[in-house]
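Only one structure is covered here, and it is reproduced in the block below.
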Amino acid sequence: MKVMVGIGCDRGTSLQTLQDALMQALKQGGLDVSAVVGLASIDKKNDEQAILQLAAVQGWPLYFYPAEVLAKIQVPNPSEVVMKYMGTPAVAEAAALQAANTDIQNLLVEKYKYLGANGKNATVSIARMT
């Protein structure tokens, strides 16, 4: 099985926090890192160092989508806070689904929230490629 990872985080989140969040989300889904074929997020994060570093370290392609695209995707955990700041009710879930070219039935891991040691939040969602 191949999966796409949607990722969101606070500005300035560390690479370690993203790696920890990803590994825990994969474990929750009973998945191995070898199943991951790419990372996806919102275009406002296209300069987020930890996301760029994570993709580089793993050798994964990165996909960024505008809020208008992500906002149209049905997700199980929409957030008013995310909507207020990002212009879409979901980043990680919607980005994973968009990148995997699939729908909510193939969302293997819903919005997994992780608070890193540096006090920054990361969210990870995992969708099965169809």
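The values are calculated or read from the model by the stated rules, or taken from the named source; none is laboratory data. It should be emphasised that the depicted structure is a prediction, and the values quoted were computed from it without experimental measurement. So basically every Cβ, Gly included, is an ideal-geometry build from the backbone, and we count neighbours across all protein chains shown. To get the accessible areas, we keep the full protein, side chains included, count just its heavy atoms, and leave off ligands, DNA and RNA. Shrake-Rupley method; radii C 1.70, N 1.55, O 1.52, S 1.80 Å.
A few remarks follow.
- Pairing each residue of segment 44-66 that is among the hydrophobic types (A, V, I, L, M, F, W, C) with any residue that is open to solvent by 40 Å² or more (accessible area, probe 1.4 Å) and at pLDDT below 95, provided the two are 6+ apart or on different chains, yields no C-beta distance under 6 Å.
- Residues satisfying the stated conditions in segment 83-110, i.e. assigned to a helix (DSSP H, G or I) and surrounded by fewer than 24 Cβ atoms within 10 Å (Cβ to Cβ): Met83, Lys84, Tyr85, Met86, Gln98, Ile104, Gln105, Asn106
- Within segment 1-27, tally of residues that are open to solvent by 10 Å² or more (accessible area, probe 1.4 Å) and either free of Cβ contacts under 8 Å to residues at least 24 places away in the same chain or part of a helix (DSSP H, G or I) (or both): 7
- Of the listed requirements (1) open to solvent by 40 Å² or more (accessible area, probe 1.4 Å); (2) in contact with a strand residue (DSSP E or B) (Cβ under 9 Å, 6 or more places away or on another chain), Gly59 misses just one: (2).
- Lone unmet requirement of (1) more than 14 Å from the chain's Cα centre (by Cα); (2) part of a loop (DSSP other than H, G, I, E, B); (3) not acidic (Asp, Glu) for Trp60: (1)
- Unique match (being buried (at least 17 other Cβ atoms within 10 Å of the Cβ) and outside any helix (DSSP H, G or I)) among Gly30, Gly38, Gly119: Gly38
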